[in-house]
Amino acid sequence: MRLAILDSGHRFGTKVLFAIIRAVSRQPTPEVVKLVMYRPDFFGTNMKTFTHEAMRRRSEWSVGDREIMAALVSKANGCEYCIKAHTAVSVRANHDEGRVSATLSNPETAPIEEPLRATLRMLGKLTREHAVEADDMRAVLAAGVSRGQIEDALAVCFAFNIMNRLADTFEFSVPGPKVFEAGAKFLLARGYR
């Protein structure tokens, strides 16, 4: 059963903002926007800031690589909304739908560099098993991943493990490809703030 609070529990000013979003974009207000705008002082503002830092701050990982990480974590969690949203952003950021599709299908055989492959392997294990061991981290370091890259990847994993669970808890509706394309364009231009 969908929790309806995201459809009706916003302040008047936020409802006006949603009406403007719908009028300008000719798309429904994205579910994730409804989530972060509901009680922003409690959750939304901090989560937007953290996610923006994880996904857009300076990093040795490209924006496209971090979007692939977000999509892969979402896939491991089975969160359809987030899989589709971050696959769309990743395709747009990487300019290579085939590479993104192959990576999400099977990172072990995808045409990606070994540091990204090892990192995706570790993030998948962490997401599925809720733990990694020292040997897992040694393998990532041996693949040429820096400590900073590991920290950045773990931040992406943290952000999307939270958002995946919330998306599923609130039963985000999954719109068609046009909505995800519009969202991808926005996220690449503006980030997660």
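Throughout, read-outs are computed from the coordinates displayed, never taken from laboratory work. As the structure is a computational prediction, the values presented were derived from the model and not from experiment. Reconstructed Cβ throughout: ideal geometry from the backbone, glycine too, with neighbour counts over all protein chains shown.
Quick notes on this one:
- Within the chain, helix-based [θ] at 222 nm, where runs of 4 or more DSSP H residues each add -39,500 (n - 2.57), nearest 500: -22500 deg cm²/dmol
- The value obtained for the range 88-170, namely the Cα convex hull volume divided by the number of residues, is 107 Å³ per residue.
- The chain, relative contact order [Cα under 8 Å, separation at least 6], %: 30 percent
- Computed over neighbours whose Cβ is under 12 Å from that of R190, the net charge equals +4, Lys and Arg +1, Asp and Glu -1.
- Taken over the Cα atoms of the chain, the convex hull encloses 119 Å³ per residue.
- Computed about its Cα centre, the charge dipole of the chain is approximately 900 debye, with only Lys, Arg, Asp and Glu carrying charge at their Cβ.
- Cα-centred dipole magnitude for the range 15-63, charges only on beta-carbon of K, R (+1) and D, E (-1), debye, nearest 20: 200 debye
- Over the range 1-98, relative contact order from alpha-carbon pairs under 8 Å, at least 6 apart, %: 17 percent
- Proximal lysine pairs, the chain, alpha carbons under 24 Å, eight or more residues apart or interchain: 20
- Here the spin labels are modelled as points 7 Å beyond Cα on the Cα-Cβ line, and at L141 and L17 they lie 4.3 nm apart.
- The residue list C157, A110, A189 was ranked by how far each Cα lies along the charge dipole of the chain toward its positive end, using unit charges on Cβ atoms, and A189 comes out on top.
- Where no second cysteine Cβ lies under 4.7 Å, the cysteines concerned in the chain: C157
- Projected label points at D168 and R190, each 7 Å from Cα along the beta carbon direction, are separated by 2.9 nanometres.
- Computed log10 I(q)/I(0) for the range 31-129 at 0.22 Å⁻¹: -1.20, from the Debye equation with unit scatterers placed on every C-alpha and solvent omitted.
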